[in-house]
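Undergrad: This is the structure I have questions about; it appears just below.
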Amino acid sequence: MESVAGRTVLVTGAAMGLGKSFAERAVREGASDVVLWDVNEQALKETAAELTALGRTTIHSAVVDVSDRDAIAEAAAAARAAVGVLDVLINNAGIVRGNRYFWETTERADIDKTVAINSLAPMYITLEFLPDMVARRAPARVLTIASSAALVSNPRMSVYAASKWAALGWSDSVRLELEQSGNGHVKVTTFCPTYIDTGMFKGAKGFWFTPIIDQDDAVETAWSGMKKGRPLVVMPWTSRMNRAITGLLPLKVRDFYLNLVGVYHSMDDFTGR
């Protein structure tokens, strides 16, 4: 897929941050329709207005709590009625809770919410749209935003890391299922970046050769990888190296190294938005 010009795109978590940037990229590239989902009604309304003013793309927006399976089903039905079969689905919505050790968790509902939004929502949302993508036999893309936390364990974000491990495992398995079943016209990409300067990880620290990623750079890298149909996009290069080290070194040696370069203390001062 060289461009999304003339195609239909749906972005979750689209009111701000990466999601807004993905939606803007789709509009500027000439998408025919862009569907915006977000739980923040006011921010969503403002983003929809901004994107409508950019050009001829038709913007559709819906307030959707993606932690609610029934809300997903209802919004998906409305999206199908409005735009038909999607060409591109971007599973971007996500939350993070951190800066405590797991046993210090006081808000146990945060565990359910994190897993519901980061792990289960991409599954349920994709299940709403993927059957039609498969049946249509035309080029289509599914991009899921995971995290480098899906590649390397990290203190003070255990539930978040678990949710992103699940997202990566599911997403890449679906990729294999599509290839194995002869449905390679639908390409699945999983994006695993380190911390991005959207404000979501405010207070988190970069580490050895790994500064906080610029939002525009992250969007460009994920967007390009998605269009090319790359299975896994890991950013930056140090995360790819850390992933390789995890598979090669004995566990204690790996832990010593990742602690030394600062990975294991990157969430010490995390506050979030």
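The values are calculated or read from the model by the stated rules, or taken from the named source; none is laboratory data. Keep in mind that this is a model prediction, so the values were computed, not measured. Note that each Cβ is placed from the backbone with ideal geometry, even for glycine, and that neighbours are counted across all protein chains shown. The accessibility values were calculated without ligands, DNA or RNA, using every heavy atom of the protein model including side chains. Shrake-Rupley method; radii C 1.70, N 1.55, O 1.52, S 1.80 Å.
Undergrad: For the chain, set up a GNM with springs between Cα atoms under 10 Å and report which of Ala244, Ala79, Ala26 has the largest fluctuation.
TA: Among Ala244, Ala79, Ala26, the largest mean-square fluctuation in the Gaussian network model of the chain belongs to Ala244.
Undergrad: Further, regarding this structure: State the extension gain, in nm to one decimal, for the chain segment bounded by Ala244 and Glu220, taking 0.36 nm per residue of separation less the distance between their alpha-carbons. Mind dumping the intermediate values first?
TA: Working: separation 24, 0.36 × 24 = 8.64 nm, distance 2.41 nm.
Using 0.36 nm per residue and subtracting the Cα-Cα distance, I get 6.2 nm.
Undergrad: Which residue, Gly229, Gly203, Gly247, has the most motion in a Gaussian network model of the chain that connects Cα atoms within less than 10 Å?
TA: Among Gly229, Gly203, Gly247, the largest GNM mean-square fluctuation belongs to Gly247.
Undergrad: I'd like the antiparallel share, as a percent to the nearest 5, of DSSP beta bridges with both residues in the chain. Write out the running numbers ahead of the final one.
TA: Values: 1 of 30 bridges.
Here the share of antiparallel DSSP bridges comes out near 5 percent.
Undergrad: How large is ³J(HN,Hα) for each residue in region 43-53, as worked out from phi by the Karplus curve 6.51 cos²θ - 1.76 cosθ + 1.60 (θ = phi - 60°), to whole Hz, x for Gly and Pro?
TA: In residue order, the calculated couplings are 5, 5, 4, 5, 5, 4, 5, 4, 6, 4, 6 Hz.
Undergrad: If DNA, RNA and ligands are ignored and the probe is 1.4 Å, what is the ranking of Ile196, Ile111 by accessible area, most exposed first?
TA: Working: Ile196 15, Ile111 50 Å².
The residues order as Ile111, Ile196, largest area first.
Undergrad: A follow-up question, please. Output ³J(HN,Hα) for region 11-21: one whole-Hz value per residue in order, computed from phi by the Karplus curve 6.51 cos²θ - 1.76 cosθ + 1.60 with θ = phi - 60°, and x for Gly and Pro.
TA: 10, 8, x, 8, 7, 7, x, 4, x, 4, 5
Undergrad: Could you give the nm distance between label points at Val253 and Thr105, where each point is 7 Å from its Cα heading toward the beta carbon?
TA: Once both label points are built, they end up 3.3 nm from each other.
Undergrad: So who's got an amide H within less than 5 Å of the one on Met16, skipping anything under 5 residues away but keeping other chains? H placed 1.01 Å off N, in plane.
TA: none
Undergrad: Taking H as built 1.01 Å from N, whose amide H comes closer than 5 Å to the amide H of Tyr195, not counting residues under 5 places away?
TA: The list, which skips near neighbours in sequence, is Ile213.
Undergrad: Sticking with this one: How large a share of the accessible area of region 1-52, in percent, is made up of carbon and sulfur atoms when the probe is 1.4 Å and the other protein chains stay in place? Display every interim value, and only then the final one.
TA: Numbers: 920 of 2030 Å².
Ligands and nucleic acids excluded, carbon and sulfur give 45 percent.
Undergrad: Which of the trypsin sites (Lys or Arg not before Pro) across region 87-161 are loop residues per DSSP, with 13 or fewer other Cβ within 10 Å? List each step's numbers first, then the result.
TA: Working: sites: Arg97, Arg100, Arg108, Lys113, Arg136, Arg137, Arg141, Arg156; in loops: Arg97, Arg100, Arg108, Arg137, Arg156.
Answer in residue order: Arg108, Arg137.
Undergrad: Return, ordered by residue number, the residues of region 194-213 whose backbone nitrogen is under 19 Å from a label point located 7 Å along Cα→Cβ of Leu54.
TA: Those under the cut-off are 197-199.
Undergrad: Excluding the sites themselves, what is the longest stretch of the chain that contains no GluC sites (Glu not before Pro) in a DSSP loop with at most 10 other C-beta atoms within 10 Å?
TA: Numbers: sites that count: Glu2, Glu107.
The longest uninterrupted stretch comes out as 108-273.
Undergrad: Can you tell me the accessible area per residue over the chain, all protein chains present, probe 1.4 angstrom, in square angstrom?
TA: For the chain, the per-residue accessible area is 46 Å².
Undergrad: Which residue fluctuates the most in the chain, going by a Gaussian network model with Cα springs under 10 Å, if the choices are Ser224, Ser163, Ser181?
TA: Maximum among the listed residues: Ser181.
Undergrad: Per residue of region 59-70, in order, report the coupling 6.51 cos²θ - 1.76 cosθ + 1.60 (Karplus, θ = phi - 60°) as ³J(HN,Hα) in whole Hz, putting x for Gly and Pro.
TA: 9, 10, 10, 8, 7, 9, 8, 6, 7, 10, 4, 5
Undergrad: Over region 106-153, with every protein chain in place, what whole percent of the accessible area is carbon and sulfur at 1.4 Å, could you tell me? The partial results should precede the final answer.
TA: Details: 1180 of 2000 Å².
Within region 106-153, the accessible surface is 59 percent carbon and sulfur.
Undergrad: Mind checking which lysines have their C-alpha under 23 Å from Lys113, skipping anything on the same chain fewer than 8 residues away?
TA: Counting by Cα, and skipping residues close in sequence, Lys113 has these lysines nearby: Lys20, Lys164, Lys202.
Undergrad: Identify the chymotrypsin sites (Phe, Trp or Tyr not before Pro) of region 79-137 meeting these criteria: DSSP loop state and at most 11 other C-beta atoms within 10 Å of the C-beta.
TA: On the way: sites: Tyr101, Phe102, Trp103, Tyr124, Phe129; in loops: Tyr101.
Loop-located and lightly packed - Tyr101.
Undergrad: With P(r) over Cα pairs in 10 Å bins from 0, in percent in mind, check (1) 6, 24, 24, 18, 15, 9, 3, 1, 0; (2) 7, 30, 36, 20, 6, 0; (3) 7, 27, 30, 17, 7, 3, 2, 2, 2, 1, 1, 0, 0 and report the label derived from this structure.
TA: Only one option fits the structure, namely (2).
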